[in-house]
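Okay, structure first, notes after.
Bear in mind that the values in this text are calculations on the coordinates, not laboratory data. Nothing here was measured: the structure is a model prediction, and the numbers come from that model. All Cβ positions, glycine included, derive from the backbone under ideal geometry; neighbour counts span all protein chains shown.
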Amino acid sequence: MVDRLGAAFPEAVLAQEQFHDMRCFTVRKESLHDILRFLRDELDFNFLTTLCGMHYPATEGQEDLLGLVIHLHSFRNRHRIRLKANTPLKDPAFPTFTDLWPATNWMEREAFDFYGLTFTGHPNLKRILNMEDFPAFPMRKDYPLEDPTREDKNDSMFGR
Amino acid sequence: MSTGIAKPDFWQHDLVPAAEHKELNVLNLGPTHPATHGIFQNVLTMDGEYIQSAEQTIGYIHRAFEKIAERRPFYQITTLTDRMNYCSAPINNMGWHMTVEKLLHIETPKRVDYLRIIAMELARIADHIVCNAVIGVDTGALTGFTFIFQDREFIYEIFEEICGARLTTNMGRIGGFERNFNDIAWRKTKHFLDYFPKKLKEFENLLMRNRIFMDRCINCGPFPLDRALAYGFTGPNLRACGLDYDVRVMDPYCSYEDFDFKIPIGQNGDVYDRFMVRQKEMWESLKIIRQAVEKCEKMSDKTTFTADVPEWVLPPKEEVYNEMEALIYHFKIVMGESDVPVGEVYHCVEGANGELGFYLVSDGGRTPARVHFRRPCFVYYQAFPEMVKGIMLSDAILSMSSMNVIAGELDA
Amino acid sequence: MGSVREGMTKPTDIAPRPALGKPTIVPGPAGHEGAGFFATRLDDAVGLARKNSIWPLPFATSCCGIEFMATMGSNYDLARFGMERLSFSPRQSDLLMVMGTIAKKMGPILRDVYTQMAEPKWVLSMGACASSGGIFDTYSVLQGIDRIIPVDVYIPGCPPRPEQVIDGILKIQELVANEGSRRRYSKEYEDLMKQYKID
């Protein structure tokens with residue numbers, strides 16, 4: 001089954017890995033929408049489990065990358081699959097998947113809220129969990145966890 | 001005169017002109033509302049009593065779990081998972097432990113699995129009690145709520161015997177449990193299995209064939225199955241729409257394949273079906289707990305409560321004070337210096353609301369590189385505007401409470 | 001149907017429960033009494049009436065809300081302290097019980113609810129999250145509601161046991177009983193409100 005994916009999109013699939021019991025494909029972001037449509041219609045992956053963002057901070061080999069991780073599930077074949085696609089931080093645009101599964105509506109908004117990933121074609125791309133005018137994208141690795149303006153917690157006592 | 005309210009920008013006018021010389025009303029079902037059982041906001045555009053559209057705002061209790069989890073060692077993240085679906089905290093705890101065990105290739109012995117199942121099914125009963133009692137309250141039937149909450153206290157007592165806490169249990173450890181179930185816990189569990197069926201039947205008799213309840217709930221907010229799948233419904237809400245998808249059967253974990261239980265499904269996904277699915281699931285959970293207790297009694301080994309992984313399981317204190325290796329292991333575990341393989345894993349459990357998934361990416365350090373919680377409430381609450389389009393406000397309130405939206409799980 | 005514990009075998013290693021005595025009645029205020037009259041301070045009489053008939057507003061946001069529901073249930077019964085009627089409208093309540101984490105997004109709403117309440121009003125902060133941010137020392141959580149509204153009693157715990165909640169309620173009752181009728185007009189109270197920028 002997974003060979004069909006490789007056969008249909010030969011140049012889009014960049015890497016394939018097997019983690020524990022799940023096969024994981026890293027694909028090019030431009031063909032992500034077509035791949036998902038192919039998986040849903042041809043390979044019977046009818047259920048989108050989750051969609052989340054990732055941030056790979058810059059190392060000496062590569063620049064800052066933002067990633068998108070999608071888990072799909074085929075009920076009939078009892079099979080799960082993971083798809084990953086990366087994009088440079090400077091160009092965080094992805095196509096929206098709300099036309100394939102409406103469940104991705106809020107998942108994409110959450111990815112936008114946390115990482116700044118934009119989804120072209122999304123009906124309502126606003127922040128969902130933080131306040132609308134929140135100035136930064138908090139799940140990125142360079143954003144601190146604690147609120148820097150709080151004055152009642154003594155960082156030295158908390159081991160920070 | 002208050003100026004501090006965060007008025008959403010889509011709330012431009014209080015009356016929205018519509019076709020046929022009708023004016024639509026805009027009603028704010030605000031974050032603080034007695035009937036929403038959680039803090040999330042809905043701005044409803046209404047044609048009299050009928051809802052035309054709903055704009056949702058969530059995030060009023062966003063506590064940045066995924067960000068906190070990147071700064072905590074694996075065993076400290078259990079306390080975060082407690083607070084997601086706080087009505088059934090042990091299920092979240094066990095799900096997280098199983099995810100980490102999957103990453104670390106730890107296999108738990110059968111007895112640990114059965115003990116976990118007892119805790120998880122008790123938590124499932126506790127959550128369904130809350131949901132069903134609250135559906136009753138929203139139709140006006142407060143008696144069921146006051147009757148059945150007494151039994152929820154008993155489930156809390158069993159949790160206290162197992163782990164010491166009532167609500168945010170932090171139950172279990174990576175590899176098993178922190179201590180064996182003591183005699184009192186077994187005695188209380190067996191007593192629960194004896195007396196709770198009578199109480200559940202009493203609760204059912206109040207509501208299940210009650211004329212008023214049935215008239216309120218049947219055909220209230222029905223949802224077709226294909227839309228439910230497209231919206232990512234899982235759990236009792238999906239089973240009420242007619243599909244028997246249960247993670248315990250689809251991808252069995254924690255030795256659920258050794259147990260014999262049915263999956264109740266509904267027909268048209270309305271409030272009555274969701275109520276009945278949860279009700280029947282409580283009966284099935286009682287069956288599972290009974291089987292687990294019997295299996296544990298039949299086993300000759302009554303002392304194993306954790307897997308044999310000294311790297312991750314704290315040794316007993318007598319050994320720590322007397323033996324060198326135990327001391328070193330204790331130090332390594334508490335300081336988070338045990339070796340963690342690089343990799344990523346996705347594990348899901350059947351939470352009380354649906355498929356609760358944990359996506360864990362590890363880069364070998366003592367804290368995860370990324371943790372993503374696939375929260376069922378967050379996914380299926382998106383369908384609320386479609387579910388309530390064209391129905392009356394009181395039916396919408398009932399739909400919302402029958403979906404069992406728990407704010408902690410919604411916002412994480 | 002009988003009690004929950006009916007039919008349960010009693011363990012022999014636990015000490016027997018002390019026998020229940022006669023129920024206690026709330027003692028009256030100190031005063032001078034005679035045939036057909038009772039003279040006391042107005043503040044004491046009003047305080048006694050107020051403390052046993054508080055109308056709370058349960059502002060339940062997360063896990064502490066479920067523990068509050070358990071406290072309101074029949075096992076731990078808050079209604080015996082006079083809190084039979086929960087009001088969800090701030091205009092009709094005396095005690096704002098903030099239970100659960102307050103995120104920064106929720107802060108303005110909490111403040112609005114507080115300002116809509118009529119004097120005299122008291123605030124009870126239940127749980128670690130409402131008192132100080134709790135385990136959530138993050139960018140999105142308000143580190144304690146006393147950053148935006150004045151608080152009278154803090155109940156620590158995560159979540160606090162129902163017995164702790166009852167303890168907190170009893171302390172609130174003490175405050176309500178002993179509050180002078182002039183406190184809300186005093187300079188000290190006005191300064192407190194100014195400090196929180198509530199007018």
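Using +1 on the beta carbon of Lys and Arg, -1 on that of Asp and Glu, and nothing else charged, what's the dipole of chain C about the Cα centre, debye to 20?
Numbers: 23 positive and 22 negative charges, 44 e Å.
With Lys and Arg at +1 and Asp and Glu at -1, about 200 debye.
What is the distance in Å between the Cα centres of segment B:158-204 and segment C:145-181?
Distance between centres, Cα-based: 31 Å.
Taking the Cβ of each residue in B:21, B:347, B:33 as the centre, tally the other Cβ atoms inside 10 Å and list the residues starting with the fewest.
Listing B:21, B:347, B:33 from fewest to most nearby Cβ atoms yields B:21, B:33, B:347.
Cross-chain or 8 or more residues apart, Cα under 18 Å: how many lysine pairs in chain C fit that? Count them up, please.
8
Using Cα positions and a limit of under 19 Å, work out the aspartates and glutamates in reach of residue B:199, with same-chain residues fewer than 8 apart set aside.
B:121, B:127, B:151, B:153, B:157, B:281, B:284, C:6
Any idea what Rg and Dmax come out to for segment B:80-195 if you just take the C-alpha atoms, in Å?
Here Rg and the maximum Cα pair distance are 15.1, 50 Å.
Please determine, in degrees from 0 to 90 and to the nearest 10, the orientation of helix B:324-335 with respect to the longest principal axis defined by the Cα atoms of chain B, where the helix direction is its Cα long axis.
Helix B:324-335 sits at roughly 20 degrees to that axis.
Across the residues of A:44-54, average count of Cβ atoms on other protein chains within 10 Å?
That average works out to 5.
Farthest toward the dipole's positive end in the protein assembly as shown, which of A:36, A:5, B:384, given Cβ charges of +1 (Lys, Arg) and -1 (Asp, Glu) about the Cα centre?
B:384
Dipole of segment A:2-120, Cα-centred, from +1 at each Lys and Arg C-beta and -1 at each Asp and Glu C-beta, to the nearest 20 debye?
Values: 13 positive and 17 negative charges, 82 e Å.
Value, rounded to 20: 400 debye.
Using modelled backbone amide H atoms (1.01 Å from N, in-plane), which distant-in-sequence or interchain residues come within less than 5 Å of residue C:141's amide H?
C:104
Would you give the gap between the C-alpha center of segment C:53-106 and the C-alpha center of segment A:46-103, rounded to a whole Å?
Answer, in whole Å: 42.
Can you tell me what percent of all Cα-Cα pairs in segment B:291-403 are more than 18 Å apart?
Value for segment B:291-403: 73 percent of Cα pairs lie more than 18 Å apart.
Hey, how much of the P(r) for the protein assembly as shown falls beyond 51 Å, as a percent of Cα pairs?
Tail of the P(r) past 51 Å holds 14 percent of the pairs.
Please state, as a whole number in µm²/s, the translational diffusion coefficient that the Stokes-Einstein equation yields for chain A at 37 °C and 0.692 mPa s, with Rh defined as the Kirkwood radius across alpha carbon pairs.
Answer, rounded: 190 µm²/s.
Roughly what angle does helix B:393-402 make with the longest principal axis of chain B, taking Cα atoms, 0 to 90 degrees, to the nearest 10?
In chain B, helix B:393-402 runs at an angle near 10 degrees to the longest axis.
Need one value for B:297-306: mean number of C-beta atoms belonging to other chains within 10 Å of its residues' C-beta atoms.
0
Could you list, in their original order, any pairs among B:110/B:190; B:198/B:389; B:201/B:389; B:110/B:280; B:102/B:302; B:198/B:298 whose Cα atoms are separated by more than 31 Å?
B:198/B:389; B:201/B:389
Work out the charge dipole of segment B:65-411 with +1 on the Cβ of Lys and Arg and -1 on the Cβ of Asp and Glu about the Cα centre, then indicate which of B:126, B:136, B:155 is farthest towards its positive end.
B:136
Against the longest principal axis of chain B, how steep is helix B:110-139, in degrees 0 to 90 to the nearest 10, with axes from Cα atoms?
Helix B:110-139 and the main axis of chain B meet at about 20 degrees.
Need one value for B:36-48: mean number of C-beta atoms belonging to other chains within 10 Å of its residues' C-beta atoms.
The shielding value for this peptide is 2.
Dividing the alpha-carbon Rg of chain C by 2.2 N^0.38 Å yields what?
Scaled against compact globular proteins, the figure is 1.20.
So what's the Cα pair-distance distribution over segment B:65-411, bin width 10 Å, in %?
It works out to 5, 25, 33, 23, 10, 3, 0, 0, in whole percents.
Compute, for the protein assembly as shown, the length of the dipole vector about the Cα centre, with Cβ point charges of +1 (Lys, Arg) and -1 (Asp, Glu) only. Units Debye, rounded to 20. Don't skip to the answer; put the middle values down first.
Working: 87 positive and 104 negative charges, 264 e Å.
Rounded to the nearest 20 debye, it is 1260 debye.
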